[in-house]
Each structure stands twice: as C-alpha cells, then as structure tokens.
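First up is the structure itself, then whatever we jot down about it.
The values are calculated or read from the model by the stated rules, or taken from the named source; none is laboratory data. None of the values given here were measured: they were computed from a predicted structure. As a convention, Cβ positions derive from the backbone with ideal geometry for all residues, glycine included, and neighbour counts pool all protein chains shown.
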Amino acid sequence: MKLSQNLHYALRQLRKNPGFTAVAVVTLALGIGATATMFSVIDAVVLRPLPYNNVKRIVDVQTSSASGSRAPISWPAYLEMRRLSTSFEALAGYEDYWGMTLSTGKQTQFLNVTQGTDNFFDVFGVKPLLGRTFLSGEDQPGKNDVVVLGYDVWRQSFSADPDVVNRVVQLDGRPYVVIGVMPAGFRFPFRKPNLVYTPMHVRPHWDTDWGTNWLLTVGRLKPQATTQHAQAEMMHVMQEIG
C-alpha cells in the first residue's frame, strides 16, 4: 500500500472515531551532514488506542537520510544520544526486523521479535500481566537470553499457563528464560502479531562500529519537556555526535 493510501486510511479512521485524541505530528529536519533528526508521535497513537501510559509523551525519535527516508543509527550513536539527552525519562533503542522459531515439544512456530534495550518497557509505562520486564543491564551479553511473551503468544502457544514465568523455552534452538507476559492489547510495533520481546543482542563488533546503522529509537518525554525543547536538545546532541 502506498504512503498516500496509508495516510488517507488513517484520516478516515480518525474521522470515524472522533473520541480518539488527535495528536499533532511534529517533525523537524536538521541538515547535519547526510543525516537529520526528526521527531514524530508514534503512528500507533493516531491509528488506534493502545494501553500505553500517557501516550502524548511517547515520541518516535528518528534519523533520516538526506532524501528524507528513515535511517537507523549505530549502537555507539544511540549510547551517546542516551547519555547526552536530558529531555527523556527513557530513551530506548529497538529493532524489529526479524523473527525466531519457537519450539515447544514437536511443534514449531515462527514468532516476530522486538529486541529492545534494557529500558525499552520504561518508555510505555505498562506493567506486565505476569512476571517482570527487562532489568537494568539485561541487554548485555550473558544476561540477555530472556524473553517477555506477548499476550497472544502466551495464550496460543502456552495455553495461557499462569506458571509460564521461569520456564525455559527454545528460540532458534537456543534456551531463553521466560521472565514475563505483557497484557492484552500491548504490542510494539503495533502492526506485528505474534510478538515476543528480548533484550538487545548486539552483533560482534557492532558495539564499537559507528558506521553500521541498524537501531531505531523511541522515547518518553519528561513531564516538563516539550517536543520543541527535545528537538532543540537533539540538534545539539547530533552536533556533538557528528
């Protein structure tokens, strides 16, 4: 579906549902070399109501190429953005490009996977239905073979087992410990079904490679911070990184 068709569909949905909060999309393009910084409210906010806490403070922090298309960032660039920015309660990195095969007995199922930094769930302010989400530092090697199940996966693949927490499961033939289950309706990115969430698994050497761009970012603004203030700050941050 073309971008224009997506936009027309979104507008039709908003007109049909006047009770939805229409959040203005604020964008900013900064000419810094071949990249730019852009802020926008995540698309899930304007397309459908999701169980995020105070959605108006959740922003999609984007970098884009000179042509205007979205471009991810490197792991070192993300760490610098997180270190230097002061406008966010949480600034999380994530990637959602891939999936894993869940093996349960003789059955297998392909699942979509969102990898997130240790503060990923802090952005959304949603408590798990069972267990917990990621701990600080749990996106580091040796600590990151844990998984949080989406509600649909918990019901369909684990028969809504209330004792699933601490169970060891096989994802792509590798053992992961189930640490939690998210409540019904929580999904990020919202467009993907059958989601599970794992802490970030940074590929070898990517942790120091500024030239390999693969990471997306999403953040929760502090109560006193505005998108305008955050944009101005990110301009300075990007200049520092550049």
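Points to keep in mind about this one:
Quick grid of which residues meet (1) surrounded by 18 or more Cβ atoms within 10 Å (Cβ to Cβ); (2) in a helix (DSSP H, G or I); (3) modelled with pLDDT of 95 or more; (4) not hydroxyl-bearing (Ser, Thr, Tyr):
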residue: ARG155; (1), (2), (3), (4): no, yes, yes, yes
residue: ASN166; (1), (2), (3), (4): no, no, yes, yes
residue: VAL169; (1), (2), (3), (4): yes, no, yes, yes
residue: PHE190; (1), (2), (3), (4): no, no, no, yes
residue: TYR197; (1), (2), (3), (4): yes, no, yes, no
residue: ASP207; (1), (2), (3), (4): no, yes, no, yes
residue: GLY211; (1), (2), (3), (4): no, no, no, yes
residue: VAL218; (1), (2), (3), (4): yes, no, no, yes
residue: MET234; (1), (2), (3), (4): yes, yes, no, yes
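- Test: residue in the range 52-62 that is in contact with a Gly (Cβ under 8 Å, 6 or more places away or on another chain), at pLDDT 90 or above, under 29 Å from ASP207 (Cβ atoms) and in a strand (DSSP E or B): no
- Under the condition of being in a helix (DSSP H, G or I) and under 21 Å from the mean Cα position of the chain (by Cα), the residues counted in the range 220-232 number 3.
- Among the residues of the range 63-91, those that are aliphatic (A, V, I, L, M), over 15 Å from LYS222 (Cα atoms) and either modelled with pLDDT under 75 or touching a helix residue (DSSP H, G or I) at 6+ places or on another chain (Cβ under 6 Å) (or both) comprise ALA66, ALA77, MET81.
- For the range 92-109, the condition of being over 30 Å from ALA232 (Cβ atoms), in contact (Cβ under 8 Å) with a residue 24 or more places away in the chain and charged (D, E, K, R) holds for none of the residues.
- Of all the residues in the range 115-153, those that are polar (S, T, N, Q) and modelled with pLDDT under 95 number 1.
- Residue among GLY99, GLY150 that is among the small types (Gly, Ala, Ser), out of contact with any Gly (no Cβ under 9 Å at 6 or more places or on another chain) and crowded, with 22+ Cβ neighbours inside 10 Å: GLY150
- Yes/no for PRO128 being surrounded by fewer than 21 Cβ atoms within 10 Å (Cβ to Cβ) and in a loop (DSSP other than H, G, I, E, B): yes
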